[in-house]
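The values are calculated or read from the model by the stated rules, or taken from the named source; none is laboratory data. Just so we're clear, the structure is a prediction, and the values are computed from it rather than from any experiment. So basically every Cβ, Gly included, is an ideal-geometry build from the backbone, and we count neighbours across all protein chains shown.
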Amino acid sequence: MQNLQEDIIMKQENKNAFGMIGLGTMGSNLLQNIADHGYPCAGYDNSPEKVNALNALDNENIEGFSDLKKFTDSLARPRIVMMLVPAGEIVDHVIDELLGVLDKGDIIIDGGNSHYTDTERRYQELEGKGLHFVGMGVSGGEEGARRGPSMMPGGDKEAYEMIKPVLEKIAAQVNNEPTVAFMGNRSAGHFVKMVHNGIEYAIMQLISESYEIMKKGLGMDNGQIHEVYKKWNQGRLKSYLLEITTDIFAFKNEGENDFLLDNIRDEAKAKGTGKWTSQAAMDLHLPTPVIDIAVSMRDLSTLKSLRVQASEMYPDETEMKYEDRGADYCDQLEEAFYFAMVSAYAQGMHLLYQANEEFKYDLNLDLIAKIWRGGCIIRSEFLEDIYAAFNQDPKLQHLLLDKSVSEDLKRSITGIRTVVSDAVLHGIATPAFSASLTYFDDFRCENMPTNLIQAQRDYFGSHTYELKAKEGVFHTKWVMENIKE
Ligand code: 6PG
C-alpha cells in the first residue's frame with residue numbers, strides 16, 4: 001500500500017506521485033493543493049497554454065506535460081491519474097487515450113460532475129480491463145480545490161485505500177477530520193455529488209425567494225437585506241451559501257455606486273446536475289419537490305421575453321408591499337427559511353436512502369452528512385444535526401422522523417405558514433417555500449385524497465384499486481345505475 005513515506009521515496013526516484021488531466025482552474029488548483037502537501041505532481045492538458053501556465057507557477061513539486069505518454073511515464077506505479085475535464089464524451093475520450101498508455105493495476109479517478117450512469121458503465125468497462133476506477137464528486141468550487149474541498153469518492157475500494165492518504169491531506173478539515181470518505185460501490189460517489197448539487201439548487205432558490213420577499217414584500221434595500229443575512233448566518237442557518245449571499249448584498253465594483261447584483265440579468269444558467277437529481281428522483285419514485293421546483297424556476301427565469309409580455313398582460317393586482325409588518329417579520333422569515341431548508345436536505349437524504357436500496361451502493365448517510373460539513377457548497381451548521389440523526393439511527397429512513405429534528409421543525413411551522421400565505425396573497429412567487437410546506441402537509445397526512453385518483457383510474461381505464469378492508473385488487477363497472485345523485 002502506498003503512503004506518504006513511499007511517496008517521498010518516489011520523489012527520490014524522480015517519479016511523480018499524482019497525475020492530473022485537465023488543467024483548467026479546478027484541475028490546476030487541486031494539483032497545487034496536492035503539491036503543497038509535499039507530493040510531486042504531474043499535469044497534462046492538450047492546450048499548450050494551460051501547460052505553460054502550470055509550468056509558469058514555478059512550483060518545484062509540479063511538472064506540466066503536453067505529451068500524454070511522457071506524462072504517464074513520469075508517474076510512480078501504480079499510476080494515479082485524475083481527470084478534471086467537462087462531463088460527457090470528453091471523459092470517454094480521455095479514458096480511451098489513457099488505455100493506450102496505462103497498465104493493469106493503474107488507477108483512474110474521474111473528479112468531474114459525471115452522470116452516475118456514465119460512471120456505472122465506465123466502472124464496469126475498466127474493471128473488465130484490470131484498471132481501477134474511482135468516480136469522485138469534488139465540491140467547493142475553485143477556492144475549495146485550492147484550499148480544501150469536500151470529496152465523494154466511490155467505486156473501487158482497493159484503489160481508494162491507495163489514494164486515501166493524499167485525499168485526506170488535501171480535503172477541508174472539520175474538527176480535525178478530513179471531509180473525504182469512501183462513499184460506496186460503483187457510481188456511489190457521483191450519485192452522492194449529484195444529490196449534493198440538487199440540494200445546492202434548492203437552497204439557492206430558497207435564498208432567492210427570501211430576497212424577493214424582503215425586496216418586494218417588505219420594501220427593504222440591499223443594505224438592510226445584507227444585515228438580515230448577516231444575522232441569519234450567525235445562528236442556526238449558518239452556511240457557506242448564506243455567507244456568500246451576505247457578501248453579494250454588500251458588493252460594489254471599485255468606483256461604482258450601484259450594487260453589482262442590481263446589474264446582473266435575472267436569467268439563471270445551469271449545467272444540469274440539478275435536473276439530473278430530479279430525473280433520478282422521478283425514476284426512483286421518490287418525491288423531491290423542493291429540488292424539482294428549483295430546477296423549474298431556473299428554466300422559467302430563462303424565458304425572459306415571455307415573462308416580459310406576461311408582466312404587461314397581468315400586472316400586479318395588489319399593492320406589492322406588505323402593510324403593518326413589524327420589525328420581527330424577518331424572524332418569521334428566518335423560521336420559514338429554516339423549515340424549508342430542513343425540507344430540502346431531508347428530501348435529498350431521502351433520495352440517497354432510496355438510491356441505496358435500489359442500487360446497493362452501501363452508503364452510510366451519516367458519513368455523507370459528516371463530509372458535507374466542510375469544504376463543499378452546501379456546508380452548513382444544520383449538517384451537524386443531520387449527521388447526529390443518521391449517526392444515532394443508521395436505519396433512519398427520513399430525516400423528518402428524527403425526534404430532535406422534528407422538535408425544531410414544529411417550532412417553525414407558524415413561520416412558514418405565515419410567510420407562504422402572505423406571499424400568495426401579495427402575488428410574490430415563493431414556489432420552493434410553498435413546496436416545502438405542501439410536501440410536509442402531505443407527508444404528515446395519514447389519509448391522502450389519492451383514493452379518489454385510484455377510483456378515477458379504475459373508472460376510465462379499468463386500472464383496478466385496492467380496498468382498506470380486504471386484500472386483493474378490484475375493478476368496478478362504474479355504471480350509471482350505481483351512481484346515486
Ligand atoms: C460544487 C458545485 C460545482 C458547480 C455547480 C454549478 O459542488 O463545487 O456544485 O459542482 O459549480 O455544479 O452548477 P450549475 O452550473 O448547474 O449551477
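See the values below:
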| read-out | value |
| --- | --- |
| Selection count, segment 162-208, where residues are within 14 Å of the ligand (Cβ to nearest atom), among the acidic types (Asp, Glu) and over 30 Å from residue 434 (Cα atoms) | 0 |
| Pick from segment 415-426, criterion touching a helix residue (DSSP H, G or I) at 6+ places or on another chain (Cβ under 9 Å) and of a type outside the set (Val, Ile, Thr), ranking: surrounded by the most Cβ atoms within 10 Å (Cβ to Cβ) | 423 |
| Output for segment 186-220, where each listed residue is among the polar types (S, T, N, Q) and assigned by TED's automatic domain parsing to the domain that holds residue 382 | 197, 205, 208, 210 |
| Segment 209-243, subset free of Cβ contacts under 8 Å to residues at least 12 places away in the same chain and closer than 30 Å to residue 316 by Cα, residue surrounded by the most Cβ atoms within 10 Å (Cβ to Cβ) | 220 |
| Qualifying strands (runs of 3 or more DSSP E) (wholly inside segment 94-180; at least 2 residues being within 19 Å of residue 45 (Cα to Cα)) | 107-110 |
| Of all residues making up segment 181-223, the number that are farther than 26 Å from residue 293 by Cβ and part of a helix (DSSP H, G or I) | 3 |
| Enumerated helices (runs of 4 or more DSSP H) restricted to segment 233-330, each holding at least 1 residues that are within 16 Å of the ligand (Cβ to nearest atom) | 240-248, 273-283, 289-301 |
| Answer residue from segment 147-161, given it is touching a residue at least 60 places away in the same chain (Cβ under 8 Å) and away from the ligand (no atom under 15 Å from the Cβ) and is nearest to the chain's Cα centre (by Cα) among those | 154 |
